[in-house]
Amino acid sequence: MKAAVFNEPGKPLSIEDYKDPKCGNNELILKVQQCGICGTDLHASEGGPLQPPPGTILGHEFSGEIVEIGKNLKSSWKIGDPAVSLPFIACGTCQYCINGNPFFCENSQTTGMGDIQGGYAEYVRIGLPESIKIPKGVTWDFATLVEPLAVGLHGVRISKFKQGHNVLVIGAGPIGLSTIQWLRFFGARHIVVTEVSKERKVMAEKMGATNIIDGKTPSEELINMYRKETGGSPDIIYECVGSPNVIQNCMEIAPPFSEIVLIGVCDKPDTFFPFLGSTKELTLKFSIAYLKDDFQFTLDMMEQGRMNPSSMITQQIGLESLPKTFELLKNDKSQCKVMICPGH
């Protein structure tokens, strides 16, 4: 198969002929229809704690058709079924799997980070428990957005959010936009968003933001602007940037007794002033990934026409164009979600 391969930091991905994935007895092989480029992939390719081994095929936001079925699965799946999958294969027997938290599986194989080759390719191997059939009426575009939407959904679900809350979302990249959509879906009253990119400010408004504030606004001025626009303070702040110093900024903005939910992935050391959080009795909560139900709920809402994330897609490319586009995205903040279509 053709695949875009990561070999070392500082060098573009390489289009190579790669061996097809082998299907296990309880696994499936998916022919990739589309795969989204995630900011985590961009960070990982530049080195640091997320860097995958040389020879890794990145990509964990994919959808496609089943082309091979493990011998134990013929009763539940058929060739041609459209599917999405959580980007890992868990063991199913450890305490985390038994408790319904397979992301924390002690023996899992991660897709697109070295254990299992990812979706920047023509085919990808997936596990049965992690896979979900795409309902009729849900397009490939929408299905490929299930993974980032599930990240935002999970962040909202684990927070103390209630209908009618006022919220502040820091950052309107793909995860911020996903979070905005779910906050609107679940009935937030005011959804104020901070963002520096002109293009992403427009996207945030389309996704349901009630007010947009420039991301470079100093903390004290931002607090005053929030109060002027909403008549109050945020009940919850959702941090969707994942950069150093943002936690401290959130703590400065947050009113007493509020909650800060960290959805953005920061892979660099950071510092903040704990006493500030103590004086306000803040709740600082970290969110990571999703549950299978987050995927299923997202697909269900798409099928019912209650979730339309089409504005997030800003470009679709073939596999051959990926290396160049991937490098450009490291500095281009005007894009949101770029889709790879290996068959194009």
Based on the Cβ-Cβ distance from Ser76 to Asp20, what FRET efficiency comes out when R0 is 22 Å, to the nearest 0.05? 0.45
So the carbon and sulfur contribution to the accessible area of the chain, 1.4 Å probe, in percent, is 50
In a shell of Cβ-Cβ distance under 10 Å around Met339, excluding Met339 itself, what net charge do Lys and Arg (+1) and Asp and Glu (-1) give? -1
What GluC sites (Glu not before Pro) in the stretch 229-293 are in a loop by DSSP, with at most 13 other Cβ atoms within 10 Å of the Cβ? Glu281
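Please give the length that would be gained between Gln296 and Thr93 if that part of the chain were fully extended, namely 0.36 nm times their separation in residues minus their C-alpha to C-alpha distance (nm, one decimal).
Fully extending the segment from Gln296 to Thr93 adds 70.9 nm.
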I need the shape label for the stretch 100-161. Rule: rounded when a/c is under 1.5, else prolate if a/b > b/c, else oblate, with a, b, c from the alpha carbon gyration tensor. oblate
Could I have the simple spin-label model distance between Asp270 and Lys11, label points 7 Å from Cα toward Cβ, reported in nm to one decimal? 3.3
Only one of the values (1) 23.8; (2) 20.7; (3) 21.2 was calculated from this structure for Kirkwood radius over Cα pairs in Å; name its label. (2)
Tell me, which longest segment in the chain has none of the chymotrypsin sites (Phe, Trp or Tyr not before Pro) that fall in DSSP loops with at most 15 further Cβ atoms within 10 Å? 1-185
Theoretical ellipticity at 222 nm over the chain - DSSP helices of four or more residues, -39500 (n - 2.57) apiece, nearest 500: -8000 deg cm²/dmol
Are there GluC sites (Glu not before Pro) in the stretch 97-140 that DSSP puts in a loop and that have at most 16 other Cβ atoms within 10 Å, and which ones? Glu106
Say a paramagnetic label sat at a point 7 Å from the Cα of Phe257, along Cα to Cβ; which residues of the stretch 139-170 have their backbone N under 20 Å from it? 159-168
How large are Rg and Dmax for the stretch 57-186 when calculated on the C-alpha trace, in angstrom? 16.4, 51
Which shape class, rounded, prolate or oblate, goes with the stretch 1-77 when its Cα gyration tensor gives a ≥ b ≥ c as root eigenvalues, a/c under 1.5 marks rounded, and past that a/b bigger than b/c marks prolate? prolate
Rounded to whole Å, give me the distance from the Cα center of the stretch 283-301 to that of the stretch 56-134. 17
For the stretch 224-292, state what percent of all Cα-Cα pairs lands in each successive 5 Å bin, counting from 0 Å until the bin that includes the largest distance. 4, 16, 25, 24, 18, 9, 4, 1
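Could you work out the longest stretch of the chain that avoids the trypsin sites (Lys or Arg not before Pro) located in DSSP loops with at most 13 other Cβ atoms within 10 Å? Each step should come with its number before you reach the end.
Values: sites that count: Lys19, Lys22, Lys71, Lys74, Lys78, Lys136, Lys160, Lys162, Lys216, Arg306, Lys330.
Formally, the longest exposed-site-free interval is 217-305.
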Yeah, the stretch 153-272 with a ≥ b ≥ c from its alpha-carbon gyration tensor (a/c under 1.5 is rounded, else prolate when a/b outruns b/c, oblate otherwise) is rounded
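The values are calculated or read from the model by the stated rules, or taken from the named source; none is laboratory data. This structure is a prediction, so every number in the text was calculated from the model and none was measured. Don't worry about glycine lacking a Cβ; one is built from the backbone with ideal geometry, like all the others, and counts go over all protein chains shown. Side chains included, ligands, DNA and RNA excluded: accessible areas come from the protein's heavy atoms. Shrake-Rupley method; radii C 1.70, N 1.55, O 1.52, S 1.80 Å.
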